[in-house]
Amino acid sequence: KQRSNNENLWSSAGFAAGSFTAINAGVAAEPSSAVLKQNTPLANQQARASGLSYSMGINLGSKISDRWIIQGGVNLLSQSSDFTAHSAIQNTNTSTFKPASIGQLDKLPKAEFFANEKLISTAPYTVNSNIRYLTIPVQAGYLVLDRDFALQVSAGVATDLFLQNTLSTAGGNIDRTTEGGEDTPYRQVNLSGLAGTELSYKFGRNYRISLNPGLRYPFNSIYKSNMDVKASPLTFDIGLRFRYIFH
């Protein structure tokens, strides 16, 4: 059944889940930091870790011609992965510890002797790293099939704003740690390329439901340029969106 011609402006809310794999990840062959060099296996594990990706948000779209559309929005993106640590870092003036990680290693004193006073060897334990972004996507789409059942292909870019990185363990006396702001190894702003498809069905006068398989890939490493660590997670996810058609 042919879709009516008044479907020109809409808003949608949705959720997506999938997985990511770190591409071109790892520590430089000769890191400038003595602490990072001493803990290269740990940093490599964290940088190369694969995991799960979740996002949710709202979008606004408009048809700009018979077949072409443009859409943007605001989404919260969460990427979670696990790595194994063999050491912990002692909190200042306390007997408690926080997980060893790239960010925490970078904050240790640059002198190796003083850094080792804070870095304590432990039995192997699993650390969960959860990174959150506020991401603002802008995409152009082409309607391959423009009916009640519709098929769209799209591509674009997203501006990813780093929010925080939370490190947690399953138990023991190692504290949960949250890093945010400029005092982290992560880029505060990054750009990612987006590509995907959308298979949707219109029901009623003002509603559509759609499935959205998609790919996301950052143009630069998620770590700052002055870090000796690189990682570019390639993400594949499938989203479910509910659309309300205004006009």
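A few points about this structure:
- Calculated P(r) of region 116-247 - Cα pairs past 23 Å, %: 52 percent
- Rounded to the nearest 0.05, the FRET efficiency derived from the C-beta distance between residue 13 and residue 50 at R0 = 30 Å is 0.60.
- The residues of the chain have, on average, 51 Å² of accessible surface per residue, using a 1.4 Å probe with all protein chains present.
- Neighbour-limited loop hits for trypsin sites (Lys or Arg not before Pro), region 144-192 (at most 12 other Cβ within 10 Å; DSSP other than H, G, I, E, B): 176
- Cβ-based net charge around residue 60, under 13 Å, with every Lys or Arg adding one and every Asp or Glu removing one: +3
- Taking trypsin sites (Lys or Arg not before Pro) across region 198-247, the ones in a DSSP loop with at most 13 further Cβ atoms lying within 10 angstrom of their Cβ are 205.
- Full extension of the chain segment joining residue 191 with residue 68 gains 41.9 nm, where the gain is 0.36 nm per residue of separation less the Cα-Cα distance.
- Here the accessible area of the chain is 59 percent carbon and sulfur, with a 1.4 angstrom probe and all protein chains present.
- Extension gain for residue 240-residue 175 works out to 19.8 nm (0.36 nm per residue, less the C-alpha to C-alpha distance).
- Count of Lys pairs (Cα-Cα under 22 Å; at least 8 positions apart or interchain) in the chain: 18
- Cα-centred dipole magnitude for region 122-228, charges only on beta-carbon of K, R (+1) and D, E (-1), debye, nearest 20: 440 debye
- Calculated log₁₀ intensity ratio I(q)/I(0) where the Debye formula runs over C-alpha points of the chain, q = 0.08, 0.16 Å⁻¹: -0.39, -1.05
- Helical mean residue ellipticity (222 nm; -39500 (n - 2.57) per DSSP H run of 4+; nearest 500) of the chain: -2500 deg cm²/dmol
- What you get for region 19-136, charging only the Cβ of Lys and Arg (+1) and of Asp and Glu (-1), is a dipole of about 220 debye around the Cα centre.
- Here the extension length gained between residue 60 and residue 205 equals 50.4 nm, from 0.36 nm per residue of separation less the Cα-Cα distance.
The values are calculated or read from the model by the stated rules, or taken from the named source; none is laboratory data. Quantities reported herein were computed from a predicted structural model and do not represent experimental measurements. Cβ: placed from backbone, ideal geometry, glycine included. Neighbour counts: every protein chain shown. All accessible areas refer to the heavy atoms of the entire protein, side chains included, with ligands and DNA or RNA removed. Shrake-Rupley method; radii C 1.70, N 1.55, O 1.52, S 1.80 Å.
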